[in-house]
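To start, the structure under review is shown below, and the notes come after it.
The values are calculated or read from the model by the stated rules, or taken from the named source; none is laboratory data. A quick note: this is a predicted structure, and the numbers were derived from the prediction, not measured. Please note: Cβ atoms are built from the backbone with ideal geometry, for glycine as well, and neighbour counts cover all protein chains shown.
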Amino acid sequence: MKLNELHDNEGAARKQKRVARGPGSGKGKTAGRGIKGQKSRSGVAIGGYEGGQMPLYRRLPKRGFTKPNAKQYAVINLGLIEKFIAAGKLNAAEEITEDALIASGITKGRHDGIRVLAKGEITAKITLKVTGASKAAIDAVAKAGGTLTVAEVAGASAE
């Protein structure tokens, strides 16, 4: 086999359509765009226009709602806390607060508080004080012999 004998398989590559290359090409003069009008010009895209009909994006109903003042918590799993205790980055003997969690590098920032979830196992007897926690996380810490206290958020009303 020689370099001049190499070629693509049949139908593997389509020939490029060359527009505006004279009347013999079949796509000469106006290059298949018709005469005048917005669509014949370059750089124009009529997105969503359906010829006067109500466009699809306006026919469909809007869904959902984004709460403008929603709280954003830093989420930490119990398994991760256990791993940090095993690595010696957190001390299980003393109370673990949000400041201690941030100092250990378990989370980058506090956001609106730290929320503990029950993913993973916890075996160490710990005393945790955080902004929020799931019921399963509180039960898991209690089962291990520790306590998980959820601090009251300033300005939050009990409803």
Can you find, within segment 123-140, the residue that is nearest to the chain's Cα centre (by Cα) among those that are charged (D, E, K, R) and surrounded by fewer than 16 Cβ atoms within 10 Å (Cβ to Cβ)?
K135
What do you reckon, is K36 in a loop (DSSP other than H, G, I, E, B), surrounded by 10 or more Cβ atoms within 10 Å (Cβ to Cβ) and at pLDDT 90 or above?
no
Please indicate, with yes or no, whether at least one residue in segment 62-71 is under 30 Å from A140 (Cα atoms) and under 32 Å from the mean Cα position of the chain (by Cα).
yes
Is it the case that some residue within segment 7-17 is of a type in the set (D, E), over 36 Å from the mean Cα position of the chain (by Cα), loosely packed, with under 13 Cβ neighbours inside 10 Å and in a loop (DSSP other than H, G, I, E, B)?
yes
Output the residues belonging to segment 79-111 that are surrounded by fewer than 16 Cβ atoms within 10 Å (Cβ to Cβ) and in contact with a Gly (Cβ under 9 Å, 6 or more places away or on another chain).
G79, K83, K89, I102
When you scan segment 75-85, do you find a residue that is under 30 Å from I138 (Cβ atoms) and over 27 Å from the mean Cα position of the chain (by Cα), even just one?
yes
Counting just the residues of segment 41-58 that are part of a loop (DSSP other than H, G, I, E, B) and among the charged types (D, E, K, R), which one comes out surrounded by the most Cβ atoms within 10 Å (Cβ to Cβ)?
E50
Among the numbered conditions (1) of a type in the set (S, T, Y); (2) surrounded by 10 or more Cβ atoms within 10 Å (Cβ to Cβ); (3) at pLDDT 90 or above, tell me where T66 comes up short.
(2)
